[in-house]
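Take a look at the structure set out below.
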Amino acid sequence: MLNILGSAQGGFCDRQSRRNFIKVGALGMGGLSLPQLLRAEKEANNGRSHKAVIMIYLPGGPPHQDMYDLKVDAPSNIRGEFSPISTSVPGIRICEHLPRMAAMADKLVFVNSLVGSIGQHASFQCTTGRSSNNQPAGGWPELGTVISRLQGGEKQTVPNYVNLSPKMKHTPYNFGKNSFVGVGHRAFMPLGETKSDMTLQGITMERLEDRRALLRSFDGLRRNLDASGMMEGLDAFQEEAFDLLTSSRLLEALDLSKEDPKVRERYGKGTTKVQGDAAPRMNEQFLVARRLVEAGARVVTVSYSFWDWHGSNFSRAKDNFPDFDKALTALVDDLHERGMAEDTTVIAWGEFGRTPTINEKAGRDHWPRVANALLACGGMRTGQVIGTTDRLGGEADERPVHFQEMFATLYHNMGIDINKVTLPDLSGRPQFLVDTEHQPLPEVI
């Protein structure tokens, strides 16, 4: 961790001072400060429009048949406790504990037939669209790293890819890792895992004006990192790197005290308590994500709560659904009100679904055969359901939608032609962003 010390004046909504908050993942490892990032190729849209993606990752796998695809005609040991309610779109019915989503269903897309999960309790497919098996040299890149590599930052004082997730106890939930795209495009993770604990000895915010002192401090870091093979990116450290570290635009985006209290109230608080072995249920991170996109970030990811409910599925849903409902709908409304909905795509999903049968602990177990996802904004045709499952909610029935089709849609919304754009892996072999048989969802584009 790189700690840049400063005065203790000023504070953020979580009582962290400005002095303590400027902690960034290892330069060149966190994807924040490399000249590679600053000069990222703009192969799509030439960087002219600020399109963005906000991805809400629901670690653990949410119960698809208790959210948007309730099976009222199934036996009681499958149907569960919840009832569906009507929405703003005739014919679409979702869970009674998601009333705000029901009221804005015309602005949402419910994907009820998500397939292609390999059943891993991990974020990998949600962040890359790929299977973690048989990866190319260097490993598959996350959506944010690809966007950073292809489109760069609209405003260079804000990272292209920001991962707001904390370090989660179940290690495979964590993301923001390196890939064949290179360390220069990894996520900036203000709350997440970093590779080392690095401090600029004796350098305060006031003394950061002295760039020579800054670079001398990094000389020692370079020597230490040589042995670990993480030198890439640090060698070309330039003035733009310093500008990113001290960016008032970035700090202001992260500082919710500057937000209208009424807007913050709309999002709600949730809880800062870690849920299970995953993440807190922090509603205000949805608001931070919007602020980061507004400031220039292209991809922002949030890990929200814990959804691996092998027991007490319905009591946990009653606890989680209302907060999720409030935060997600506040974000979508906010994007529409600010004129950002056309260019900002929102996606919320987990790594797989849950078993149709309710177990003896009143829970649902892992079920990779089918899952759900929620889409909003991004200039898409909303107010619809894509795909159905069978009577028990165990198999995709009509219109199965693959994880890679979802990624093809996200790239399309960012203005990237998946049929033309490739990136070289570490062996020099060009790799398409998704497998060529998967295309953007025609229902929404």
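The numbers here are math on the coordinates, done by the rules we state, and not lab data. The structure presented is a predicted model; accordingly, all values stated were derived computationally and were not measured. Counting neighbours? That spans all protein chains shown, and the Cβs are built from the backbone with ideal geometry, glycine included.
Which order do Thr345, Thr157 fall in if you start with the one that has the fewest other Cβ atoms within 10 Å?
Thr157, Thr345
Extending each Cα 7 Å along its Cβ direction at Lys269 and Asp390, get the distance between those two points in nm, one decimal.
4.6
By count of other Cβ within 10 Å, fewest leading, how are Val111, Val444, Val183, Val72 ordered?
Least crowded to most crowded, the residues run Val72, Val444, Val183, Val111.
First obtain the Kirkwood hydrodynamic radius of region 348-422 from its Cα pairs, then insert it into the Stokes-Einstein equation at 10 °C and 1.306 mPa s, and state the resulting D in µm² per second as a whole number.
110
Name the shape class, rounded, prolate or oblate, that the alpha-carbon gyration tensor gives for region 299-390, where a ≥ b ≥ c are the square roots of its eigenvalues, rounded holds for a/c under 1.5, and otherwise prolate holds if a/b is larger than b/c and oblate otherwise.
prolate
Between Ser132 and Asp365, what is the spin-label point distance in nm, taking each point 7 Å from the Cα along the Cα→C-beta axis?
A separation of 2.1 nm, rounded to one decimal place.
In whole angstrom, note down how far apart the Cα centers of region 300-335 and region 95-123 are.
One Cα centre to the other: 11 Å.
What is the Cα radius of gyration of region 249-308 over 2.2 N^0.38 Å, N being its residue count?
1.17
Multiply the residue separation of Glu342 and Thr436 by 0.36 nm, subtract the distance between their alpha-carbon atoms, and state the gained length in nm to one decimal.
Computed gain between Glu342 and Thr436 is 31.2 nm.
Once phi is turned into ³J(HN,Hα) by the Karplus curve 6.51 cos²θ - 1.76 cosθ + 1.60 with θ = phi - 60°, what whole-Hz value does each residue of region 327-332 show in order, with x for glycine and proline?
Here the 3J(HN,Hα) series is 5, 5, 6, 5, 4, 5 Hz.
Of the listed pairs Lys71/Lys169; Lys167/Lys269; Lys107/Lys177, which have alpha-carbon separations greater than 30 Å here?
Result: Lys71/Lys169; Lys107/Lys177 exceed 30 Å.
What is the order of Cys95, Cys126, fewest Cβ neighbours within 10 Å to most?
Cys95, Cys126
What list of ³J(HN,Hα) values in whole Hz, one per residue of region 71-87 in order, does the Karplus curve 6.51 cos²θ - 1.76 cosθ + 1.60 (θ = phi - 60°) give from phi, with Gly and Pro shown as x?
Values, residue by residue: 10, 5, 9, 7, x, 4, 6, 10, 4, x, 8, 8, 10, x, 10, 5, 10 Hz.
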